[in-house]
Amino acid sequence: MTPGRRPACRSRVPVIALTGYLGAGKTTLLNHLLRTPGARLGVVINDFGDINVDAALVTGEVDEPASVAGGCLCCMPDAGGLETALERLVAARPDLDAILIEASGLAEPANLVRLLRSTALRRVRYAGLIDVIDVVNDEHTAGSHAVKAAEGIEGATAPPARYSAATLVVVAKTDLLEADERSRALDRVTRRVHSRNPRALVIEAAHGRIDPLLVMDVAHEAPPADELPLAELTRSARSKTCDNHHAHAHADSVTVPASLPVSPGALADLLESPPTEAYRLKGVLDVAVGAGRSGSSGGVRRVIVNVVAGQVHLETERPHRSVQLGLVAIGDHLGEDVRRRLEKAGRPAEGPPVSADVARLDRIRRRSRGI
């Protein structure tokens, strides 16, 4: 189950939010992800105002652009315009690998997450929030009077509440600092983020170059024929002048096959306490759930697993398609403990399943709607 390939078993399209203060580097990171070879991406750009200035920055680099103008997404009373944009994207391209939402710099991440998790759309799922931090201006921005007032703090800079909503924090513009200053700044940001959100992964990324596997799966190992020639030309031109000289650091991955039905209890153990080192955990598994009403086929249930920064999304489907079964962990630094935990969850079930374990898995699935 190669982490960079499109799975044969399609689950709902993941939706990833991209937030950060004005000028932090959101569009730079977005453009980097859009240049991922072979990825089929939808984009929603939230412009704070009536003119879609930001949309022009990515024109020609995205299969299906959609903008929600006239206000901040998180301030809408309901999903409204955002749901319309997401529905339009999925209807036009049901085979999308992901949808990226670039929110206004004024967006409140926690409200945006609530909005995405509450969407009534069944063909998409919330799959994480990336918060971009401008490390050069971080102290000034995070320690502004507005932030202090909102948190009831005088003088000392408090970690912004926005960090609690992030699954991935990208520290940008570190290339503008000297090596020793860069190290201290990265440590400072990491401590502040983790004081609010211990599960968030904090990574450094010059020019927005993060490994796309931390965010999404890639459709193909090689780029397919591009449906928008302008997009392919743009990607090629920019990669020659920029990306080839500053390649991103690759994420680690651990793959464990599981061709036979696994124990619901072992899988529930993994999902109730995912390994902290694994930023993403995904896979397709057959789970032993006992005899069905017919006495045979109901004994196995196929599940699609997606975990981002400890947040679980679990789907079920009939085990009728031929697909490579197993689990994949993706993260910044993965140790042998991650492999051992995946192997334990992927071992063939021994004996009949315990009904209480089947119930545990069902509770996880019900709680995980929209991650």
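The values are calculated or read from the model by the stated rules, or taken from the named source; none is laboratory data. Being a predicted model, the structure only gives us computed values, none of them experimental. Cβ coordinates were reconstructed from backbone atoms using ideal geometry, including for glycine residues, and neighbour counts include every protein chain displayed. For accessibility, only protein heavy atoms count, side chains too; no ligands or nucleic acids. Shrake-Rupley method; radii C 1.70, N 1.55, O 1.52, S 1.80 Å.
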> Can you list the HN-Hα couplings for segment 42-47, worked out from phi with the Karplus curve (6.51, -1.76, 1.60; θ = phi - 60°), rounded to whole Hz and with x for Gly and Pro?
Replying inline: x, 9, 10, 10, 9, 8
>> Give the separation of the Cα centroids, segment 191-214 to segment 21-58, in Å.
In response: 19 Å
> Residue by residue through segment 205-214, which ³J(HN,Hα) values in whole Hz follow from phi under the Karplus form 6.51 cos²θ - 1.76 cosθ + 1.60 (θ = phi - 60°), with glycine and proline marked x?
Replying inline: 8, 6, 6, x, 8, 9, 5, x, 5, 6
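In segment 13-213, what percent of the accessible surface is made up of carbon and sulfur (1.4 Å probe, ligands and nucleic acids excluded)?
Working: 4350 of 8080 Å².
Accessible surface attributable to carbon and sulfur in segment 13-213 totals 54 percent.
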> Counting Lys +1, Arg +1, Asp -1, Glu -1, what net charge surrounds G335 among other residues with beta carbon under 13 Å of its beta carbon?
Replying inline: -2
>> Rounded, prolate or oblate for segment 49-119? Axes are the square roots of the Cα gyration tensor eigenvalues, ordered a ≥ b ≥ c, and the cut-off for rounded is a/c under 1.5.
In response: oblate
>> From the phi angles alone, apply the Karplus equation (6.51, -1.76, 1.60; θ = phi - 60°) to segment 324-333 and give each ³J(HN,Hα) in whole Hz, x where the residue is Gly or Pro.
In response: 6, 8, x, 10, 10, 10, 10, x, 7, 9
>> Order 207-217, 126-136 from most to least packed using the mean count of other Cβ atoms within 10 Å.
In response: 126-136, 207-217
> Of the peptides 174-184, 38-48, how do they stack up when ordered by the mean number of other Cβ atoms within 10 Å, highest first?
Replying inline: 38-48, 174-184
>> Going by amide H atoms built from the backbone, whose H comes under 5 Å of the H on L325, apart from near neighbours?
In response: A258
> So what's segment 13-213 giving for Rg/Rh, alpha carbon basis, Kirkwood Rh from the mean inverse pair distance?
Replying inline: 0.96
> Relative to a virtual label point 7 Å from the Cα of T316 in the Cα→beta-carbon direction, which members of segment 260-280 show backbone nitrogen distances below 15 Å?
Replying inline: 262-265, 267-268
